[in-house]
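For reference, the structure discussed in these notes is given below.
What follows draws every value from the coordinates through simple rules; no lab data is involved. Every value quoted in this text rests on a predicted model; they were computed, and no experiment measured them. Reconstructed Cβ throughout: ideal geometry from the backbone, glycine too, with neighbour counts over all protein chains shown.
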Amino acid sequence: MRITVKTVHVMVMALLVSVTLASAAGLGVVDVDRLVKAHPKAEVNLEILRDQFAELESEKDAMVETLEKKKEAFMAARRAAADPAVSDAVRAEREAEVEGLIQELQKMEKEMSQRLMGRQREMNDQKLHMHKRVEEAVQKLVARVAIKKDLSLVVDKSAVGIGGSSMVVFHLEKLDITDLVLKEIQALREEE
């Protein structure tokens, strides 16, 4: 396909008309990711999650310490069972004890793994729930600004489409209302 100067002029004119119509039609863009990060609830949520993660790490460390003590007891019992100086009856008794300790260790490891995975799942669910609440609060602020500016459509320029490409390819800065919403967020911070 051969592109001529006339084709380029037509494309530029079409772009200018589109931008003019977009402004007239009340379109806007906003960076929702930036707004969510700036929202005061996001910082509070991050602190809560950090505290919970520290608590989980502490719980994990305590479980590992208990498990290590059980492993040491198992190793001592195994050494005692292998002692050639003991009778066959004592050896059989000690081997039964070792077998019981093996089962106990396996049970503890399974319970520890399930407990930690369950807690991590809970934390991930809570993180998603917290993010959703902040995002909903941001959407309300965007709607408030959009109504003030008489906008009928606001598009998230930080949204990513299928394949990882940006949903918004181009926009004029005058269509971006992110800074106006950030002022609303700042007002929220000052109220607290």
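Suppose we keep only residues that are within 17 Å of Glu104 (Cβ to Cβ) and among the acidic types (Asp, Glu) within region 65-93. Which one would you say is surrounded by the most Cβ atoms within 10 Å (Cβ to Cβ)?
Glu93
What is the residue count in region 151-192 for residues that are assigned to a loop (DSSP other than H, G, I, E, B) and under 25 Å from the mean Cα position of the chain (by Cα)?
Count: 7.
Taking the conditions exactly as written (without any contact (Cβ under 8 Å) to a residue 60 or more places away in the chain, closer than 18 Å to Gly26 by Cβ, of a type outside the set (Ser, Thr, Tyr) and out of contact with any Pro (no Cβ under 8 Å at 6 or more places or on another chain)), does Ala187 satisfy them or not?
no
Counting only residues that are over 30 Å from Lys41 (Cα atoms) and either within 16 Å of the chain's Cα centre (by Cα) or basic (Lys, Arg) (or both), how many does region 91-143 have?
4
For region 108-123, give me each residue that is more than 17 Å from Glu65 (Cβ to Cβ) and free of Cβ contacts under 8 Å to residues at least 24 places away in the same chain.
Lys110, Gln114, Met117, Gly118, Arg121, Glu122
Could you please find all residues in region 115-139 being surrounded by 11 or more Cβ atoms within 10 Å (Cβ to Cβ) and either over 22 Å from Asp51 (Cα atoms) or among the charged types (D, E, K, R) (or both)?
Arg115, Arg119, Glu122, Lys127, Arg133, Glu135, Ala137, Val138, Gln139
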